[in-house]
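S.K.: Let me give you the structure first, and then I'll get to my questions.
The values are calculated or read from the model by the stated rules, or taken from the named source; none is laboratory data. This one's a predicted model, so the numbers in the text were calculated from it and none came from an experiment. Cβ atoms come from the backbone with ideal geometry, glycine included; neighbour counts cover every protein chain shown. Just the protein is used for accessible areas: all its heavy atoms, side chains included, with ligands, DNA and RNA removed. Shrake-Rupley method; radii C 1.70, N 1.55, O 1.52, S 1.80 Å.
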Amino acid sequence: MLQEHIPYMKMALDLARHGEGLTSPNPMVGALIVKDGEIVGRGFHLKAGEDHAEIIALKEAGERARGGILYITLEPCCHVGKTGPCTEAIVKAGIRKVVVGMQDPNDLVNGKGMRELKRLGVEIEAGVLEKECQELNEFFTFWIKHQTPFVILKTASTLDGKIATFKGESKWITSEESRNMVQSLRNKVDAIIVGIGTIMTDNPSLSLQSNKDRMNPLRIVVDSKLRISPRAKVLKVDEKHRTMVVTTRKATLKKRKALERKGVEVVVVPDKRGRVSIVSLLKLLGKQGVLSVLVEGGAEVNASFLKEKLAHKIYTFMAPRILGDDALGAYSNMGLSDLDQAIKIKNVRMESVGKDFLIQGYF
């Protein structure tokens with residue numbers, strides 16, 4: 001890999017991030033066109049159905065693209081979808097070389113785009129900042145491979161892992177800076193999942209503080225018996241706020257109909273030992289094109305995702321406080337009797353957020 005390509009690919013990655021929270025179910029993609037050391041075109045994908053990043057960059061560059069180098073975070077497409085094939089536009093514009101961050105995992109592309117460009121005489125270099133490009137689109141890649149959402153587990157706790165006092169008080173354990181970062185996390189995902197316990201205790205709205213440019217994430221409440229209050233904030237539905245309540249056959253038809261009259265989507269899934277089957281829920285969401293979910297549930301929901309090995313990444317915000325044994329822990333009833341059974345986190349990162357600490361990593 002030529003070192004000269006790295007700064008330009010970093011710029012392409014920065015461009016791609018402008019589409020964060022907006023492109024689903026498409027990936028985030030950034031493109032940069034360089035001619036004789038000068039940047040002549042920039043582009044990023046903004047929304048499914050609209051121009052791809054390389055097309056926007058080509059339009060900006062115009063005739064200056066001829067003989068230039070295209071830097072693209074994701075392999076160009078070579079098929080006709082909602083838009084035409086980008087490979088065709090690249091060749092027509094006279095681009096002499098394409099530098100690719102990562103191969104597109106979608107079977108419709110998956111190496112075909114690069115092979116097509118190479119066949120038509122365009123020089124290809126692939127794998128530049130590949131790891132960074134893969135992390136940028138980890139939601140998209142996971143969904144393409146598994147057809148279920150990428151799951152992020154988020155907790156906000158004290159140093160001893162408590163998320164509420166023994167009376168249920170939890171506002172606010174962590175700092176304003178941590179809560180702002182949670183808003184940033186919500187802005188990245190397609191859906192937020194909480195348990196009925198969280199709704200009954202905290203009555204959150206689960207909304208974005210600033211939502212001018214996008215829909216709020218789909219708000220999902222796991223409620224096996226439909227105990228949710230009709231006055232719950234999360235049930236306020238409008239053109240930017242959608243809510244799904246996931247329940248089981250234990251819920252009465254009367255309760256289901258009452259929620260549906262409010263504009264809430266009520267989904268009945270199989271139960272597992274009397275509780276909503278998380279596996280069934282994730283399969284359902286995957287079929288609906290939900291690429292990512294942020295789990296902000298209480299102790300039972302958190303434990304359910306871990307016990308069934310359904311979470312993929314974790315964000316734990318820890319405040320410099322201690323509440324003691326009688327407070328509520330972040331995970332309940334894990335049933336682990338051996339230290340070797342402890343769930344391990346890899347690729348761990350740690351940083352300060354206000355007075356708190358953020359620990360993140362992958363399961």
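S.K.: Please enumerate the residues belonging to the stretch 1-20 that are aliphatic (A, V, I, L, M), open to solvent by 60 Å² or more (accessible area, probe 1.4 Å) and in contact with a strand residue (DSSP E or B) (Cβ under 7 Å, 6 or more places away or on another chain).
M.R.: Within the stretch 1-20, just Met11 meets the criteria.
S.K.: In the stretch 264-288, which residue that is in contact with a helix residue (DSSP H, G or I) (Cβ under 8 Å, 6 or more places away or on another chain) and open to solvent by less than 80 Å² (accessible area, probe 1.4 Å) is nearest to Pro149 (Cα to Cα)?
M.R.: This residue is Gly286.
S.K.: On to the next question. Which residues, taken from the stretch 305-353, are at pLDDT 90 or above and among the small types (Gly, Ala, Ser)?
M.R.: Residues satisfying the conditions are Ala311, Ala319, Ser352.
S.K.: For Leu32, state whether it is hydrophobic (A, V, I, L, M, F, W, C), within 24 Å of the chain's Cα centre (by Cα) and at pLDDT 95 or above.
M.R.: In short, no.
S.K.: Taking only pairs six or more apart or across chains, which ones have beta-carbon atoms under 6 Å, a first residue in the stretch 54-73 that is within 10 Å of Gly30 (Cβ to Cβ), and a second residue that is open to solvent by less than 40 Å² (accessible area, probe 1.4 Å) and among the charged types (D, E, K, R)?
M.R.: These pairs meet every condition: Ile72/Glu54.
S.K.: Any residue in the stretch 306-335 that is touching a residue at least 40 places away in the same chain (Cβ under 8 Å) sitting within a Cβ distance under 6 Å of a residue that is surrounded by 20 or more Cβ atoms within 10 Å (Cβ to Cβ) and in a loop (DSSP other than H, G, I, E, B)? List the pairs, counting only those 6 or more apart or interchain.
M.R.: So the pair list comes out as Phe317/Thr174; Ala319/Ile173; Ala319/Thr174.
S.K.: Could you please give the count of residues in the stretch 130-149 that are of a type outside the set (Asp, Glu) and either part of a strand (DSSP E or B) or open to solvent by 60 Å² or more (accessible area, probe 1.4 Å) (or both)?
M.R.: The number of residues fulfilling the criteria is 5.
S.K.: Just to check your reading of the model, which residue among Arg214, Arg219, Arg261, Arg242 is within 30 Å of Ile173 (Cβ to Cβ), surrounded by fewer than 17 Cβ atoms within 10 Å (Cβ to Cβ) and either out of contact with any Ser or Thr (no Cβ under 8 Å at 6 or more places or on another chain) or at pLDDT 90 or above (or both)?
M.R.: Arg214
S.K.: In the stretch 21-129, which strands (runs of 3 or more DSSP E) lie fully inside it and hold 1 or more residues that are surrounded by fewer than 19 Cβ atoms within 10 Å (Cβ to Cβ)?
M.R.: Hits in the stretch 21-129: 30-35, 38-44, 97-102, 123-126.
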